[in-house]
Amino acid sequence: MLDELKEEEIVKKVGGRFRLSTLIQKRLVQLNAGSRPLVEADTHDKMSVVLQEILRDKIYLDRSNEIRTTGDLPVSTDGRALDLDNL
(Lines give C-alpha, C1' and ligand atoms only; values in the text may rest on other atoms or scores of the structure.)
Protein backbone atom coordinates (compact mmCIF):
# COMPACT_ATOMS: atom_id res chain seq x y z
CA MET A 1 0.00 0.00 0.00
CA LEU A 2 2.52 2.61 1.07
CA ASP A 3 5.00 1.44 -1.57
CA GLU A 4 3.08 3.68 -4.01
CA LEU A 5 4.11 6.70 -1.93
CA LYS A 6 7.79 5.85 -2.35
CA GLU A 7 7.57 6.04 -6.13
CA GLU A 8 8.04 9.36 -7.88
CA GLU A 9 5.24 8.56 -10.36
CA ILE A 10 2.47 9.42 -7.91
CA VAL A 11 4.31 12.54 -6.70
CA LYS A 12 4.74 13.80 -10.28
CA LYS A 13 1.14 12.92 -11.14
CA VAL A 14 -0.27 15.36 -8.56
CA GLY A 15 2.44 18.02 -8.78
CA GLY A 16 4.58 17.49 -5.70
CA ARG A 17 4.66 15.98 -2.24
CA PHE A 18 2.71 18.81 -0.60
CA ARG A 19 -0.13 18.52 -3.13
CA LEU A 20 -0.07 14.72 -2.73
CA SER A 21 -0.42 14.92 1.05
CA THR A 22 -3.17 17.53 0.69
CA LEU A 23 -5.08 15.38 -1.78
CA ILE A 24 -4.75 12.27 0.38
CA GLN A 25 -5.86 14.08 3.53
CA LYS A 26 -8.88 15.71 1.90
CA ARG A 27 -10.00 12.50 0.22
CA LEU A 28 -9.65 10.50 3.44
CA VAL A 29 -11.91 13.05 5.15
CA GLN A 30 -14.49 12.56 2.39
CA LEU A 31 -14.34 8.76 2.65
CA ASN A 32 -14.60 8.87 6.44
CA ALA A 33 -17.67 11.10 6.08
CA GLY A 34 -19.35 8.45 3.92
CA SER A 35 -18.30 9.31 0.37
CA ARG A 36 -18.34 6.36 -2.02
CA PRO A 37 -14.99 5.03 -3.33
CA LEU A 38 -14.38 5.68 -7.03
CA VAL A 39 -12.49 2.42 -7.59
CA GLU A 40 -13.21 -1.22 -6.88
CA ALA A 41 -10.93 -2.38 -4.07
CA ASP A 42 -10.53 -5.69 -2.31
CA THR A 43 -9.70 -3.88 0.91
CA HIS A 44 -11.36 -1.74 3.53
CA ASP A 45 -8.16 0.26 3.95
CA LYS A 46 -9.15 3.78 2.94
CA MET A 47 -5.56 4.85 2.33
CA SER A 48 -5.19 2.13 -0.31
CA VAL A 49 -8.45 3.25 -1.91
CA VAL A 50 -7.25 6.87 -2.10
CA LEU A 51 -3.91 5.85 -3.61
CA GLN A 52 -5.66 3.74 -6.24
CA GLU A 53 -8.02 6.63 -7.04
CA ILE A 54 -5.00 8.87 -7.62
CA LEU A 55 -3.06 6.33 -9.68
CA ARG A 56 -6.11 5.63 -11.85
CA ASP A 57 -6.69 9.37 -12.41
CA LYS A 58 -10.06 9.38 -10.65
CA ILE A 59 -9.29 12.37 -8.39
CA TYR A 60 -7.09 15.45 -8.53
CA LEU A 61 -6.65 18.85 -6.88
CA ASP A 62 -7.80 21.90 -8.79
CA ARG A 63 -5.97 25.25 -8.66
CA SER A 64 -7.69 26.20 -5.42
CA ASN A 65 -6.63 22.89 -3.79
CA GLU A 66 -10.13 21.45 -3.88
CA ILE A 67 -10.71 17.82 -4.82
CA ARG A 68 -12.22 17.16 -8.22
CA THR A 69 -13.14 13.86 -9.80
CA THR A 70 -12.43 12.97 -13.39
CA GLY A 71 -15.28 14.31 -15.44
CA ASP A 72 -15.97 17.33 -13.22
CA LEU A 73 -16.41 20.42 -15.35
CA PRO A 74 -16.48 23.99 -14.14
CA VAL A 75 -20.05 25.28 -13.90
CA SER A 76 -21.13 28.58 -15.43
CA THR A 77 -23.15 31.17 -13.52
CA ASP A 78 -26.40 29.86 -15.02
CA GLY A 79 -25.73 26.33 -13.70
CA ARG A 80 -24.68 24.71 -16.98
CA ALA A 81 -21.32 22.98 -17.42
CA LEU A 82 -18.85 25.07 -19.39
CA ASP A 83 -17.71 23.73 -22.74
CA LEU A 84 -13.92 23.90 -22.41
CA ASP A 85 -13.33 22.82 -26.02
CA ASN A 86 -14.41 26.22 -27.31
CA LEU A 87 -12.04 28.31 -25.17
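The values are calculated or read from the model by the stated rules, or taken from the named source; none is laboratory data. Not measured: the values here are computed from a predicted model. When we count neighbours, we look across all protein chains shown, and the Cβ atoms used for this are built from the backbone with ideal geometry, even at glycine.
Answer yes if at least one residue in segment 33-45 is assigned to a helix (DSSP H, G or I) and in contact (Cβ under 8 Å) with a residue 12 or more places away in the chain, and no otherwise.
No, there is no match, as no residue in segment 33-45 is assigned to a helix (DSSP H, G or I) and in contact (Cβ under 8 Å) with a residue 12 or more places away in the chain.
So, of the residues in segment 1-16 that are modelled with pLDDT under 90 and outside any helix (DSSP H, G or I), which turns out to be surrounded by the fewest Cβ atoms within 10 Å (Cβ to Cβ)?
Step by step, filter segment 1-16, then rank; the result is 2.
Taking residue 19, is it surrounded by 15 or more Cβ atoms within 10 Å (Cβ to Cβ) and charged (D, E, K, R)?
Yes; evaluated as a whole, the condition is true for this residue.
If a residue must be exposed (fewer than 13 other Cβ atoms within 10 Å of the Cβ) and in contact (Cβ under 8 Å) with a residue 12 or more places away in the chain, how many such residues does segment 22-32 contain?
Residues meeting the conditions: 1.
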